[in-house]
Amino acid sequence: MTSQRHDDGPPNRIADDVLLDAARTCVLAIGVRRTTLAEVARRAGVSRMTLYRRHPDARGLLAALMTREFGDVVRRAHARASTVGTARGRLVAAAVEVARELSGNPLMRAVLDMDPATVLPYIVERLGGTQRLAEQVLREHIADGHRDGSIRAGDPATQARALFLVVQSFVLSSRPATSDVDSSALFGELSHLLDAGLRDRHRHDTGAATHARASR
């Protein structure tokens with residue numbers, strides 16, 4: 001039986017998703033370190049040269065896969081939170097959903113379970129493309145919150161980085177963190193943490209005091 005190949009014609013006719021889907025299958029099956037361009041090409045049904053012309057090395061291919069996979073999670077959460085009333089509410093809803101989805105994402109779990117060292121550079125050395133995308137979404141929510149008054153004043157880039165680090169810790173540590181704590185309750189606490197950290201306490205306290213005086 002001959003295998004059906006997808007690389008008839010010019011290499012740019014091969015959809016990137018075909019190659020990234022094959023890479024995803026490899027990572028789920030054998031882990032990041034054992035995933036090679038040759039194995040991805042075999043699973044995608046394309047020639048090695050077709051894959052090499054698009055992704056010259058495995059590291060770049062896997063980075064593209066993770067950017068697609070995790071970036072999609074960020075964008076979906078952002079879209080689903082768009083109907084929440086305030087910018088703070090939208091940010092909290094989206095961030096908690098991203099943390100919840102990524103902590104159980106099969107690709108994320110495969111990376112953390114089989115090759116946890118591959119994520120270390122993105123924790124201690126540099127931020128990757130998906131991390132920067134997540135921060136950009138956070139900055140947009142924060143800027144909206146400054147405008148509608150639901151988020152306390154501050155430097156958007158610094159606030160976004162702080163929030164990102166909190167959410168990232170929940171994603172990376174979710175398995176040991178939920179070994180003896182209910183996961184729903186834990187993500188509920190994340191929601192409270194983010195909401196409390198973003199509120200303008202002075203504005204809230206002033207509003208509460210005004211309401212109390214009016215009710216006397």
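For residues in the range 166-183 being assigned to a helix (DSSP H, G or I) and small (Gly, Ala, Ser), which is surrounded by the most Cβ atoms within 10 Å (Cβ to Cβ)?
Here the answer is Ser174.
Tell me, please, whether a residue that is over 19 Å from the mean Cα position of the chain (by Cα), of a type in the set (S, T, N, Q) and in a helix (DSSP H, G or I) can be found in the range 65-79.
No, the range 65-79 contains no residue that is over 19 Å from the mean Cα position of the chain (by Cα), of a type in the set (S, T, N, Q) and in a helix (DSSP H, G or I).
Take the range 15-43 and flag every residue that is within 18 Å of Asp72 (Cα to Cα), among the small types (Gly, Ala, Ser) and at pLDDT below 95.
Ala15, the sole residue that qualifies.
Determine if the range 51-58 includes at least one residue that is surrounded by fewer than 16 Cβ atoms within 10 Å (Cβ to Cβ) and within 24 Å of Phe164 (Cα to Cα).
Within the range 51-58, not a single residue is surrounded by fewer than 16 Cβ atoms within 10 Å (Cβ to Cβ) and within 24 Å of Phe164 (Cα to Cα).
Does the range 156-168 contain at least one residue that is in contact (Cβ under 8 Å) with a residue 40 or more places away in the chain and in contact with a Pro (Cβ under 6 Å, 6 or more places away or on another chain)?
No.
From the set of residues in the range 193-216 that are at pLDDT 90 or above and closer than 20 Å to Asp148 by Cα, which is surrounded by the most Cβ atoms within 10 Å (Cβ to Cβ)?
Checking each candidate, the answer is Leu198.
In the range 113-135, which residue that is out of contact with any Ser or Thr (no Cβ under 9 Å at 6 or more places or on another chain) and of a type in the set (A, V, I, L, M) is surrounded by the most Cβ atoms within 10 Å (Cβ to Cβ)?
That would be Ala134.
Looking only at residues that are in contact with an Asp or Glu (Cβ under 8 Å, 6 or more places away or on another chain) and buried (at least 22 other Cβ atoms within 10 Å of the Cβ) in the range 21-45, which one is nearest to Leu107 (Cα to Cα)?
Arg24
I'm told Gly85 meets every condition in (1) modelled with pLDDT under 90; (2) part of a helix (DSSP H, G or I); (3) closer than 30 Å to Gly154 by Cβ except one. Can you identify the failing condition by its number?
(2)
Please return the ranges of helices (runs of 4 or more DSSP H) entirely within the range 13-55 where 3 or more residues are touching a Lys or Arg at 6+ places or on another chain (Cβ under 6 Å).
Of the helices (runs of 4 or more DSSP H) lying wholly inside the range 13-55, those with at least 3 residues that are touching a Lys or Arg at 6+ places or on another chain (Cβ under 6 Å) span 16-30.
Just to be sure I understand the filter: pairs with C-beta atoms under 7 Å, separated by 6 or more residues or on different chains, first member in the range 89-108 and more than 17 Å from Gln131 (Cβ to Cβ), second member in a helix (DSSP H, G or I) and hydroxyl-bearing (Ser, Thr, Tyr). Which pairs pass?
Arg90/Ser82; Val92/Ser191; Val96/Ser191
Filter the range 111-144 down to the residues that are in a loop (DSSP other than H, G, I, E, B) and either under 14 Å from the mean Cα position of the chain (by Cα) or basic (Lys, Arg) (or both), then identify the one that is modelled with the lowest pLDDT.
Residue satisfying both the conditions and the ranking: Gly128.
The values are calculated or read from the model by the stated rules, or taken from the named source; none is laboratory data. Please read these numbers as outputs of a predicted model, since none were measured by experiment. Ideal geometry is used to build each Cβ from the backbone, glycine not excepted, and the neighbour counts take in all protein chains shown.
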